[in-house]
Amino acid sequence: MNRTLVIIKPDGVQRGLVGEILGRLERRGLHFVAAELRSLDEATAARHYAEHVGRDYYDNLVRFITSGPVMVLVVEGPQDTWRVVRTMMGTTNPLDSAPGTIRGDLATVMAQNLIHGSDSAESALREIEIFFPHLDS
Ligand code: ATP
Ligand code: MG
C-alpha cells in the first residue's frame with residue numbers, strides 16, 4: 001500500500017500553510033493522487049475519528065475538524081507512504097515534535113496540530129475509502 005490519506009486541518013488552511021505543507025510533501029518526492037478543499041460534515045468527521053469515540057477530547061476534535069475548510073489529499077510514494085508522512089508530521093503533541101517536522105516547525109498546541117496522516121497501511125485504506133470512494137487504483 002503506497003498511498004496514504006492526508007488532511008491539512010482547519011488551522012493549516014486558515015493560517016495559509018497549505019502551500020508550505022504541500023511543498024514539503026512534494027519536495028520529499030511524494031505525489032498527489034487526489035486533492036480537494038472541503039468542509040467536513042459531522043458524519044464524515046465521526047467516521048474518520050471513530051477510534052476516538054468516548055475520549056474526553058472527542059467532542060473538541062470533531063468540532064475543530066468541522067470548523068472550517070480542510071484540504072484532503074491522497075498522497076502516493078514508492079513505499080510505506082503512510083510512514084514517510086507520519087515521520088514528516090512529527091509527534092501528535094507539537095510540544096514534543098522535533099524541529100524539521102511539520103508540527104515541530106509550525107505548530108505549538110495539540111488541538112491545532114495542522115495535519116492528519118493515516119497511522120498504518122490499514123488506516124490508509126480505510127480513510128481513503130471514506131474521502132475518495134471512487135478513486136481508481
Ligand atoms: P491525527 O490522527 O490527527 O493525524 P495523530 O494520529 O498524531 O493525529 P491521534 O492519536 O490519532 O493523533 O489523535 C487524533 C487527534 O486527536 C490529534 O491530532 C489531537 O489533536 C487529538 N488528541 C489526541 N490525543 C489527545 C489528548 N490526549 N488530548 C487532546 N487532544 C488529543
Ligand atoms: Mg491519528
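One table, with the values for the structure above:
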read-out	value
Count of segment 71-98 residues which are out of contact with any Phe, Trp or Tyr (no Cβ under 8 Å at 6 or more places or on another chain), within 13 Å of ligand 1 (Cβ to nearest atom) and among the β-branched types (Val, Ile, Thr)	4
Residue count for segment 1-39, restricted to those that are free of Cβ contacts under 8 Å to residues at least 40 places away in the same chain and among the hydroxyl-bearing types (Ser, Thr, Tyr)	1
Leu73 vs. criteria of a type outside the set (Phe, Trp, Tyr), part of a helix (DSSP H, G or I) and closer than 15 Å to Lys9 by Cα	no
Hits in segment 46-70 - residues which are within 11 Å of ligand 1 (Cβ to nearest atom), in a helix (DSSP H, G or I) and in contact (Cβ under 8 Å) with a residue 12 or more places away in the chain	His48, Asn60, Leu61, Val62, Phe64, Ile65
Which listed residue, of Thr4, Thr81, Thr87, is closer than 21 Å to Ile128 by Cβ, at pLDDT 95 or above, open to solvent by less than 20 Å² (accessible area, probe 1.4 Å) and out of contact with any helix residue (DSSP H, G or I) (no Cβ under 7 Å at 6 or more places or on another chain)	Thr81
Residues that are free of Cβ contacts under 8 Å to residues at least 60 places away in the same chain, in a helix (DSSP H, G or I) and of a type outside the set (Asp, Glu), drawn from segment 124-137	Arg126
Qualifying positions in segment 99-122 - within 13 Å of ligand 1 (Cβ to nearest atom), open to solvent by 20 Å² or more (accessible area, probe 1.4 Å) and over 11 Å from the mean Cα position of the chain (by Cα)	Gly104, Thr108, Val109, Met110, Ala111, Gln112, Ser120
Lone qualifier among Ala35, Ala50, Ala46 - being among the small types (Gly, Ala, Ser), surrounded by fewer than 18 Cβ atoms within 10 Å (Cβ to Cβ), under 13 Å from the mean Cα position of the chain (by Cα) and modelled with pLDDT of 95 or more	Ala35
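The values are calculated or read from the model by the stated rules, or taken from the named source; none is laboratory data. These numbers were taken from a predicted model, which means no experiment stands behind them. Glycine also receives a Cβ, built like all others from the backbone with ideal geometry; neighbour counts cover every protein chain displayed. For the accessible areas, the whole protein counts, side chains as well, though only heavy atoms, and no ligand, DNA or RNA atoms are used. Shrake-Rupley method; radii C 1.70, N 1.55, O 1.52, S 1.80 Å.
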